[in-house]
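Here's the structure we're looking at; comments come further down.
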Amino acid sequence: MLSRLLSHDLPRSKLLAAILIAIVLGLAFAPFLFPGVKALNVAAKILVFIVLVAGFDLLLGYTGIVSFAHTMFFGIGAYGIAIATTRMGPTWSALAVGVIGALLLSLLLSLAVGLFSLRVRAIFFAMITLAVAAAFQTLASQLSEFTGGEDGLTFKMPELLSPSFEFSEEPFMGASLDGRLLSYYLLFIACVVLVLVLIRIVNSPFGRVLQAIRENEFRAEAIGYRVVVYRTLSSVLSALFATLAGCMLAIWLRYNGPDTSLSFEIMMDVLLIVVIGGMGTVYGALIGSVLFVVAQSYLQDLLRLGSEATAGIPLLPSLLSPDRWLLWLGLLFVLSVYYFPTGVVGRLRARASRMQASS
């Protein structure tokens, strides 16, 4: 049953399987295991990034296409929810209109980018997508009548998803049973479903063709596959998953602005997560997102504790200052790339293969 659910794409490593089970259970019970507003926000951000990164890995890891327009579709999803609920009010129909409208716009834009640009090779295509993403961010900042400009849009969710809606006055295991908790589990279910769909896509005949194109585009075209069509479809699917991730972000934050969903920093974070987790593996999106978001959220707190603990030692308190968290985050990334060149998933699978061969 589990094998069919995962499209027969099992972790192929006992340690990797244990880590993935721990991540899924941790995210499933996060509101009860880690009570507190910050912990719940971190868990929700991980869910959003899992979908965003897994969708990008379909493009980069499985098809071999480098695109910097992924956050543009991410922003379209978030703005779809924001604009629809602002105009139509906090209703379920507004959410439906926002999601469907964002998906349609992303479909059209990704088709346009794919058809006009995917014939361009390597770095030139990446530059085109970067220009398109930058233009869209500028457009979102200037169309203040629709997008709220630089200030963004603050909106409300349906009452059932509102923090003021309580299912019970008594907390359960330290967690408040309210609309915020329901919003989290809405994100969790959406994340699980979308990841399973992505696993099915990459293990289908379509996914195998994408991998063939990644390995040798000329050979794939020589045996009869229309490479441009497959690359365009991959670009469209990746854009749609990014759009759904943006919808998830907007539902959780109940706010969206240019820096929230269209920032180029988000694109850099996605690239880092793909490298850390492992390209060409959906499971890498799970592990990479957890490692990166947790480090990004709690590294400053750890450095603060380290700085206080080494207060009497020269230089160390300055090096461990919370203000230097980006330095340490960069160092951790360099070390992860050095020791895990194929990502965490690739390293664990290679280790399992060596152990199996030696036995």
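The values are calculated or read from the model by the stated rules, or taken from the named source; none is laboratory data. Here the structure is a predicted model, which means the values were calculated and not measured. Cβ placement follows ideal geometry from the backbone for every residue including glycine, while neighbour counts extend to all protein chains displayed. These accessible areas exclude ligands, DNA and RNA; they are computed on the full protein's heavy atoms, side chains included. Shrake-Rupley method; radii C 1.70, N 1.55, O 1.52, S 1.80 Å.
Does residue 45 count as out of contact with any strand residue (DSSP E or B) (no Cβ under 6 Å at 6 or more places or on another chain), among the basic types (Lys, Arg), within 16 Å of residue 247 (Cα to Cα) and open to solvent by 50 Å² or more (accessible area, probe 1.4 Å)?
Here the answer is yes, as residue 45 does meet what is asked.
For segment 26-35, indicate whether the set of residues that are open to solvent by less than 10 Å² (accessible area, probe 1.4 Å) and part of a loop (DSSP other than H, G, I, E, B) is non-empty.
no
For segment 192-211, name all the residues that are without any contact (Cβ under 8 Å) to a residue 60 or more places away in the chain and more than 24 Å from residue 102 (Cα to Cα).
Passing the criteria: 205, 206, 208, 209.
Which members of segment 10-25 meet the condition of being assigned to a loop (DSSP other than H, G, I, E, B) and open to solvent by less than 70 Å² (accessible area, probe 1.4 Å)? Reasoning before the result, please.
Step one: of segment 10-25, the residues assigned to a loop (DSSP other than H, G, I, E, B) are 10-13.
Those that are assigned to a loop (DSSP other than H, G, I, E, B) and open to solvent by less than 70 Å² (accessible area, probe 1.4 Å): 11, 13.
Give me the helices (runs of 4 or more DSSP H) completely within segment 56-153, filtered to those with at least 3 residues that are open to solvent by 10 Å² or more (accessible area, probe 1.4 Å), in contact with a strand residue (DSSP E or B) (Cβ under 9 Å, 6 or more places away or on another chain) and at positive phi, ordered by residue number.
none
Return yes when residue 56 is within 21 Å of residue 203 (Cβ to Cβ) and at pLDDT 85 or above and no when it is not.
yes
Inside segment 207-245, can you point out the residues that are of a type in the set (A, V, I, L, M, F, W, C) and more than 28 Å from residue 47 (Cβ to Cβ)?
Across segment 207-245, the qualifying residues are 209, 212, 213, 218, 220, 222, 223, 227, 228, 229.
Inspect segment 189-207 for any residue being part of a helix (DSSP H, G or I), at pLDDT 90 or above, among the basic types (Lys, Arg) and on the phi < 0 side of the Ramachandran plot and give the result as yes or no.
yes
Taking residue 7 and the conditions (1) hydroxyl-bearing (Ser, Thr, Tyr); (2) assigned to a helix (DSSP H, G or I); (3) at pLDDT below 85, which numbered condition does it fall short on, given that it satisfies the others?
(2)
Given the structure, is residue 336 farther than 30 Å from residue 89 by Cβ and in contact (Cβ under 8 Å) with a residue 24 or more places away in the chain?
yes
When you scan segment 275-359 for helices (runs of 4 or more DSSP H) that lie fully inside it, which ones turn up with 1 or more residues that are open to solvent by 40 Å² or more (accessible area, probe 1.4 Å) and under 19 Å from residue 23 (Cα atoms)? Don't jump to the end; show me each part of the working.
Working: elements: 282-309, 316-319, 325-339, 343-358.
Because the criterion is at least 1 residues that are open to solvent by 40 Å² or more (accessible area, probe 1.4 Å) and under 19 Å from residue 23 (Cα atoms), the helices (runs of 4 or more DSSP H) in segment 275-359 that meet it are 282-309, 343-358.
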